[in-house]
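Q: Structure provided below as structure tokens; questions to follow.
Bear in mind these aren't lab numbers, they're just calculated from the coordinates by the rules spelled out. No experiment lies behind these values; they were computed from the predicted model shown. Quick reminder, even Gly has a Cβ in these numbers, built from the backbone with ideal geometry, and neighbours come from all protein chains shown.
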């Protein structure tokens with residue numbers, strides 16, 4: 001079922017109807033750059049993450065984790081959107097028929113732009129490029145990395161655990177996952 005968004009200030013999640021770009025919407029909040037994540041600042045205005053993802057998929061099919069890593073690399077590690085923002089935005093773009101699956105890379109599903117996605121991007125190319133330049137400026141500013149990469153990795157672990165362990169009744173799988181997490185925690189404790 002195709003859903004339309006009224007304007008760039010609104011987002012559509014494809015299932016529950018219109019959502020604002022603020023908290024609880026798909027606006028894409030950046031990690032805080034103050035101590036302990038305080039003083040969070042908004043990395044994207046409503047609709048900008050959607051445009052950035054379309055722009056990054058313009059030249060080749062991409063999967064969600066690849067998009068997250070690309071954005072993180074462009075900012076020099078200063079910002080990485082969480083899987084909890086990127087994957088719902090990809091779902092929304094698919095519901096809007098602006099992207100479509102184009103194969104898999106291991107367990108990850110890659111997406112490419114549709115004709116509708118290319119048209120939408122062309123209409124908003126200036127906004128998409130401006131948002132991407134603002135991200136890349138974080139690297140040029142020498143923005144502090146803080147815990148950006150660690151936070152992204154924690155969010156990735158959380159997403160993988162939720163997907164892999166959802167509804168599993170296999171106790172051995174649960175014990176194996178717990179052992180891997182405990183081992184990682186021990187290694188991190190021993191770091192410098």
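Q: Shape verdict for the stretch 72-175, please, from the Cα gyration tensor: rounded (a/c under 1.5), prolate (a/b greater than b/c) or oblate. It would help to have the intermediate numbers written out before the result.
A: Numbers: a/c = 3.12, a/b = 1.24, b/c = 2.53.
Oblate is the answer for the stretch 72-175, as a/c is 1.5 or above yet b/c matches or exceeds a/b.
Q: Let me ask something else. How much length is gained on full extension from residue 95 to residue 171, taking 0.36 nm per residue of separation minus their Cα-Cα distance?
A: Numbers: separation 76, 0.36 × 76 = 27.36 nm, distance 3.59 nm.
Value of the extension gain: 23.8 nm.
Q: Using packing as a proxy for protection, rank 77-84, 180-187, 129-136 so that the peptide with the highest average count of other Cβ atoms within 10 Å comes first.
A: On the way: 77-84: 21.4, 180-187: 10.2, 129-136: 16.0.
The packing order, highest mean first, is 77-84, 129-136, 180-187.
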